[in-house]
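Notes follow once the structure below has been shown.
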Amino acid sequence: MNKKPIDIEVFTSTVCNHCQRASRMVEQLLKEPGFESITWREIDVVAEIDLAVTFCVLATPSIAIGGALVFTALPSRQQLRNAIQHYLLHERPNDA
Amino acid sequence: MRDDTIGKVARQLAMSMDTLRYYEKIGLLPKVRRTEAGIRRYQDKDISRLKFIKRAQQMNFTLAEIGDLLKMREDPQHARTEVRQLTTNKLKEVELRLTELDTLRRELALLVNLCTASEEGCPIIDRIEKDE
């Protein structure tokens with residue numbers, strides 16, 4: 001059975017001030033209508049540095065949507081909402 | 001145009017003077033021009049060739065391989081099949097090394113950025129301790 005890809009990856013570290021806010025923002029936004037099927041996970045860049053490097057993460061928080069790095073700093077709630085909507089409309093694989 | 005002494009070239013390329021003389025002796029470097037007093041004077045083409053040798057050595061190529069690559073470098077159109085094949089193989093090795101170096105560069109850049117942002121502790125140290 002194929003594992004479903006994660007839609008949103010939030011790259012965090014223990015040393016950044018905005019990481020918790022970024023994760024919380026993603027978690028809250030995904031409760032909004034239309035976003036319920038979106039999957040996400042938090043990635044500690046020190047613990048999973050190989051993955052972080054694959055995504056070209058250079059700072060935390062960074063947020064990847066659909067496997068591509070979209071934000072390299074904490075976005076506003078509206079910027080994140082727009083990016084997720086764009087991903088849902090144009091980029092998300094149909095079988096996800 | 002350059003006309004450098006062996007000492008100056010040795011310093012500039014961080015190679016010993018013995019190494020420079022040895023490369024000339026075994027033919028990696030064509031006979032270097034001498035003054036009337038017999039003192040070696042290195043020209044631009046010599047320096048360029050020495051820099052190539054040094055780069056290739058840093059990639060762990062053998063002196064014999066470097067000799068073949070230099071033949072290719074001098075006359076790529078008429079190089080023997082084996083030399084062309086060697087050059088192709090070495091190109092793949094260099095590309096692989098570049099990929100590995102690029103991954104390392106990105107890993108180090110991330111760790112340095114995290115360290116800079118950190119007020120308590122440094123993730124570089126955390127990672128080294130985890131790996132040990």
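Given the condition touching a Phe, Trp or Tyr at 6+ places or on another chain (Cβ under 7 Å), in a loop (DSSP other than H, G, I, E, B) and surrounded by fewer than 16 Cβ atoms within 10 Å (Cβ to Cβ), answer yes or no: does some residue in the stretch B:1-16 qualify?
yes
Quick one: would you say B:Glu95 is of a type in the set (Asp, Glu) and away from chain A (no Cβ under 14 Å)?
So B:Glu95 fits the description; yes.
State which residue is modelled with the lowest pLDDT when the search covers only the stretch A:1-34 and only residues that are within 14 Å of chain B (Cβ to nearest Cβ) and assigned to a loop (DSSP other than H, G, I, E, B).
Selected residue: A:Val15.
Among the numbered conditions (1) closer than 26 Å to B:Arg21 by Cβ; (2) in a helix (DSSP H, G or I), tell me where B:Ala109 comes up short.
(1)
For the structure I just gave you, tell me whether B:Asp68 is over 15 Å from the mean Cα position of the chain (by Cα) and in contact (Cβ under 8 Å) with a residue 40 or more places away in the chain.
Judged against the criteria, B:Asp68 is not a match.
Just to be sure I understand, how many residues within the stretch B:90-132 are at pLDDT below 85 and of a type in the set (Val, Ile, Thr)?
Of the residues in that region, 4 qualify.
Which one is surrounded by the most Cβ atoms within 10 Å (Cβ to Cβ) among residues in the stretch A:45-67 that are of a type outside the set (A, V, I, L, M) and more than 14 Å from chain B (Cβ to nearest Cβ)?
A:Gly66
Can we say B:Thr87 is at pLDDT 90 or above, within 22 Å of the chain's Cα centre (by Cα), on the phi < 0 side of the Ramachandran plot and β-branched (Val, Ile, Thr)?
No; evaluated as a whole, the condition is false for this residue.
Can you tell me which condition A:Arg21 does not meet? The list is (1) more than 15 Å from A:Ala64 (Cα to Cα); (2) in contact with a helix residue (DSSP H, G or I) (Cβ under 8 Å, 6 or more places away or on another chain); (3) of a type in the set (D, E, K, R), and all the others hold.
Of everything listed in (1) more than 15 Å from A:Ala64 (Cα to Cα); (2) in contact with a helix residue (DSSP H, G or I) (Cβ under 8 Å, 6 or more places away or on another chain); (3) of a type in the set (D, E, K, R), A:Arg21 misses just condition (2).
Could you check A:Pro33 against (1) out of contact with any Leu (no Cβ under 7 Å at 6 or more places or on another chain); (2) under 28 Å from B:Leu104 (Cβ atoms) and say which number it fails?
Looking at each condition in turn, A:Pro33 falls short on (2).
Given (1) crowded, with 18+ Cβ neighbours inside 10 Å; (2) within 20 Å of B:Asn113 (Cα to Cα); (3) within 10 Å of the chain's Cα centre (by Cα), identify the lone condition not met by A:Glu42.
All conditions are met except number (1).
The values are calculated or read from the model by the stated rules, or taken from the named source; none is laboratory data. Just so it is clear, the model here is predicted, and its values are computed rather than measured. FYI the Cβ positions are ideal-geometry reconstructions off the backbone, even for glycines, and counts take in every protein chain you see.
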